[in-house]
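No lab work stands behind these numbers, since they all come straight from the coordinates. Since the model is a prediction, treat every value here as computed from it, not as a measurement. No Cβ is skipped: glycine too gets one built from the backbone with ideal geometry, and neighbour counts run over all protein chains shown.
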There are 2 protein chains.
Amino acid sequence: MNLFVVRVGNVGGTLVDQIKQQQKVLQKNSNIVVRVTGLANSKKMLLNSEGIDLNGWQDQVESSSVIFHKDELIEQIAELNLRNSVFVDCTANYEIASVYKKALENNINVVTANKIACSSDYELYQELKAICLKNNVKFLYETNVGAGLPVIGTINDLVHSGDRIQKIEATVSGSLNFIFNTYDGNNTFHDVVSQAKSEGYTEPDPRIDLSGVDVKRKILILIREAGIKMEFDDIEVKDILPKACFEVDSVEDFFNLLKNDEPTFQEMVGNAQSEGRKLRVIAKYEDGKATVELQAVDSTHPFYNLQGTDNTVALYTDRYVSQPMVIQGAGAGAGVTAAGVFADIVRIANY
Amino acid sequence: MNLFVVRVGNVGGTLVDQIKQQQKVLQKNSNIVVRVTGLANSKKMLLNSEGIDLNGWQDQVESSSVIFHKDELIEQIAELNLRNSVFVDCTANYEIASVYKKALENNINVVTANKIACSSDYELYQELKAICLKNNVKFLYETNVGAGLPVIGTINDLVHSGDRIQKIEATVSGSLNFIFNTYDGNNTFHDVVSQAKSEGYTEPDPRIDLSGVDVKRKILILIREAGIKMEFDDIEVKDILPKACFEVDSVEDFFNLLKNDEPTFQEMVGNAQSEGRKLRVIAKYEDGKATVELQAVDSTHPFYNLQGTDNTVALYTDRYVSQPMVIQGAGAGAGVTAAGVFADIVRIANY
């Protein structure tokens with residue numbers, strides 16, 4: 001395996017450290033040789049076809065004299081013509097996702113934590129899959145939904161054996177899960193969102209999370225893996241926040257609005273509690289339709305007992321009818337995400 | 001892929017039907033050609049190196065003139081010397097498990113729903129793994145614990161990336177789950193066990209389930225996959241049933257004893273309920289020790305809300321610390337088990 005890791009930030013850096021720790025173990029226990037042949041940060045890149053010495057890799061990247069350029073990197077990987085090359089995308093970046101096609105066409109495998117390619121145009125998603133089939137090269141992205149949770153591989157396994165996904169219910173936003181699992185009316189919605197922001201669960205502008213765009217991308221990817229053709233705009237987002245929240249300009253104004261609007265949120269959570277229900281942002285697919293919606297669920301619902309930032313995916317299929325298959329756990333964080341990317345890399349090594 | 005399926009009973013027969021349904025789809029969508037080259041029931045076998053026509057496969061096996069013999073089958077598969085041969089064991093049989101070594105040594109992949117090989121001597125388990133590494137051949141058994149649930153693959157993914165399993169908690173017996181999820185003191189323990197038997201959830205002698213031997217095998221397999229050396233006899237079974245139940249001879253005497261002992265069971269469930277707890281048979285690994293135990297869990301425990309026969313595996317690791325990764329769903333039944341075997345076969349096709 002020859003890995004080219006773009007970029008060595010939070011997830012990418014953790015991945016390189018995990019690889020450094022596991023290289024010898026993998027070779028001994030599984031006959032898998034993992035070499036890091038390329039590393040890039042947002043400015044510099046470092047290539048070594050013999051494998052980069054991972055002691056002090058941070059300094060080596062920092063002091064590299066080669067400017068990072070995405071297209072040139074792909075060209076150089078292709079020129080090296082190494083067996084089992086893997087382009088590893090640890091960004092959330094549109095620009096980086098735009099080179100997958102070129103990589104796959106040059107027989108370079110792609111492993112990505114970046115959701116963009118799989119949740120943009122269906123045509124692009126299908127095109128990437130078709131190139132893989134034609135060139136016998138792999139495009140893996142298990143971490144796109146639920147980080148280290150085995151969600152996409154499981155849907156693939158079900159579909160391959162002829163099972164049919166009837167319904168998906170999922171809570172797949174760590175930040176939204178934290179907010180609605182923590183807000184209970186004894187605190188204020190303003191303070192809970194503020195806490196989620198300061199603990200790094202949300203984007204600097206929490207409305208990016210609260211708009212549901214990230215959840216839309218994730219449910220769309222699951223739906224497509226289930227073999228269903230759907231576009232991003234086909235998914236409806238309902239009722240997460242009052243419209244006014246998205247109409248004010250600054251983040252500061254947004255927080256002021258939350259503070260002034262507390263009675264609205266109190267009423268919302270109070271209504272749910274009076275019926276013994278809890279608020280959850282649930283992404284749902286059923287009967288060809290997908291929605292992301294703030295729902296009040298009762299104690300019989302599989303998501304009633306969720307805590308903290310945990311993600312959950314419930315799959316109802318022709319074979320899992322009465323009770324769904326449920327996969328649950330930490331769905332974000334550098335450690336578990338890097339581990340999920342690592343698992344995809346090992347999967348390619350095993351091919 | 002050239003598959004040799006032993007035996008075409010409940011799981012094996014369902015698998016053959018699933019393959020028949022999916023052959024064309026897999027070829028078209030994934031470039032995977034799956035041929036069934038051999039089929040066996042307990043008496044007869046049928047081989048065709050060109051692939052058996054799956055229309056009316058049952059009659060073809062039934063009317064075959066070739067007597068099934070496990071060692072001869074392996075020899076014949078080896079002689080055919082086909083690329084990507086897979087010996088598929090859908091039995092629960094000691095005898096069949098005894099030929100895996102010979103198969104793997106002859107570069108025949110093994111996919112099995114049979115727990116015997118992985119839960120017998122650790123030395124055998126290690127030997128089979130070593131042959132795989134040496135011969136670059138695969139031995140896959142995802143269905144051994146939880147049928148179609150992605151449990152073993154997930155533990156492998158975690159371990160490969162350097163995560164460490166700290167603790168496992170699991171309810172992995174459909175029959176025991178049914179019994180203790182259904183018995184609530186408003187019914188009798190006798191009637192619940194009797195219902196579990198008549199609905200086919202237990203062995204004809206339900207004590208085989210209630211002895212915990214099946215659960216011991218399953219937790220042992222998970223522990224070994226986590227990289228820990230352990231033997232079957234190292235696992236302690238506690239408190240599932242009073243000793244006397246295993247000391248009477250016949251199944252009839254056992255059921256009479258349950259009837260007469262109802263006050264004991266009423267007390268047991270009553271004590272739990274008075275503390276707001278529910279009874280669950282939990283297999284547990286922690287700090288180098290493993291147990292299978294009837295426990296009374298409170299509402300904060302991840303297994304409190306279990307229903308029916310559903311299996312659950314909760315993994316606490318260095319990276320999943322505060323909340324475990326949880327995988328839950330139907331862990332038995334011909335459809336989901338055959339699908340799990342099918343997924344292992346597709347995994348080999350993708351290698």
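Which distances, in nm and shortest first, link the B:Q27 label point to the same label point in every other copy, taking 7 Å along Cα→Cβ?
4.3
Partner chain Cβ atoms within 10 Å, averaged over the residues of B:136-148 - can you pull that number for me?
The shielding value for this peptide is 1.
Looking only at the protein assembly as shown, where both bridge partners belong to it, what percent of the DSSP beta bridges are antiparallel (to the nearest 5)?
Looking only at bridges with both residues in the protein assembly as shown, the antiparallel portion is about 60 percent.
Report the antiparallel proportion of the DSSP beta bridges in chain A as a percent, rounded to a multiple of 5.
The answer is about 60 percent antiparallel.
Would you mind counting up the charge near A:Q266? Only other residues with Cβ under 13 Å from its Cβ, with Lys and Arg at +1 and Asp and Glu at -1.
Around A:Q266, the surrounding residues sum to -4.
Defining the label point at 7 Å along Cα→Cβ, can you sort the distances from A:D261 to the same site in each other copy, shortest first, in nm?
6.1
Roughly speaking, what is the stretch gain from B:E127 to B:S63, that is 0.36 nm per residue apart minus the C-alpha to C-alpha distance, in nm to one decimal? Kindly include the intermediate steps, with their values, before the conclusion.
On the way: separation 64, 0.36 × 64 = 23.04 nm, distance 3.77 nm.
Length difference between fully extended and current span is 19.3 nm.
Applying a 10 Å radius around every beta-carbon, put A:310-318, A:336-344, B:281-289 in order of their mean neighbour count, most first.
Answer by packing, highest mean first, reads A:336-344, A:310-318, B:281-289.
Enter the angle in degrees (range 0 to 90, nearest 10) between the Cα long axis of helix A:10-30 and the first principal axis of the Cα atoms of chain A, meaning the one along which they spread out most.
Tilt of helix A:10-30: around 60 degrees.
Take the cross-link list A:K138/B:K138; A:K129/A:K216; A:K218/B:K20; A:K134/A:K284; B:K43/B:K216; B:K167/B:K238 and give me the ones stretching past 27 Å between alpha-carbons.
A:K218/B:K20; A:K134/A:K284; B:K43/B:K216
Label chain A by shape, choosing from rounded, prolate and oblate, from the square roots a ≥ b ≥ c of the eigenvalues of the Cα gyration tensor; if a/c is under 1.5 it is rounded, and otherwise prolate applies when a/b is larger than b/c, oblate when it is not.
In terms of gyration-tensor shape, prolate.
Roughly how many nanometres apart are two label points built 7 Å out from the Cα toward the Cβ at A:D287 and B:N135?
5.3
If the elastic network links every pair of Cα atoms under 10 Å, which of B:N29, B:N81, B:N114 fluctuates the most in the Gaussian network model of chain B?
B:N29
Rounded to whole Å, give me the distance from the Cα center of segment A:307-351 to that of segment B:47-111.
Between the Cα centre of segment A:307-351 and that of segment B:47-111, the gap is 34 Å.
Ordered shortest first, which distances in nm separate the 7 Å Cα→C-beta label point of A:N186 from those of the other copies?
3.1
Counting only helical runs of four or more DSSP H residues, what would the 222 nm mean residue ellipticity of chain B come to if each run contributes -39,500 (n - 2.57) and the total is spread over all its residues? Don't jump to the answer; show the numbers that get you there.
Details: 16 runs with 155 residues, N = 351.
Result for chain B, helices only: -13000 deg cm²/dmol.
By the gyration tensor of its Cα atoms, with a ≥ b ≥ c the square roots of the eigenvalues, what is the shape of segment A:272-351: rounded for a/c under 1.5, prolate for a/b over b/c, or oblate?
Prolate.
Considering every residue in B:332-340, what mean count of other chain Cβ atoms within 10 Å of its Cβ is obtained? Write out the running numbers ahead of the final one.
Numbers: counts 0, 2, 1, 8, 7, 1, 3, 11, 3.
The shielding value for this peptide is 4.
Taking chain B as a Gaussian network, where each spring joins two C-alpha atoms under 10 Å apart, which residue of B:V99, B:V215, B:V321 fluctuates the most?
Looking only at B:V99, B:V215, B:V321, the largest GNM fluctuation is found for B:V321.
What do you get for the angle between helix B:213-225 and the principal long axis of chain B? Use alpha-carbon atoms, 0 to 90 degrees, nearest ten.
60
Using only Cα atoms, find the angle between the long axis of helix A:251-260 and the longest principal axis of chain A, and express it within 0 to 90 degrees, rounded to the nearest 10.
20
Can you tell me how the protein assembly as shown classifies by the Cα gyration tensor, rounded, prolate or oblate, using a/c under 1.5 as the rounded cut?
Judged from the Cα gyration tensor, the protein assembly as shown comes out oblate (a/c at least 1.5, b/c at or above a/b).
Quick one: net charge of A:V61's neighbours, Cβ under 14 Å, K/R +1, D/E -1?
0
Considering the options A:A196, A:F254, A:L279, tell which one lies farthest towards the positive end of the dipole of segment A:156-329, charges being +1 on Lys and Arg and -1 on Asp and Glu at the Cβ, about the Cα centre.
A:L279
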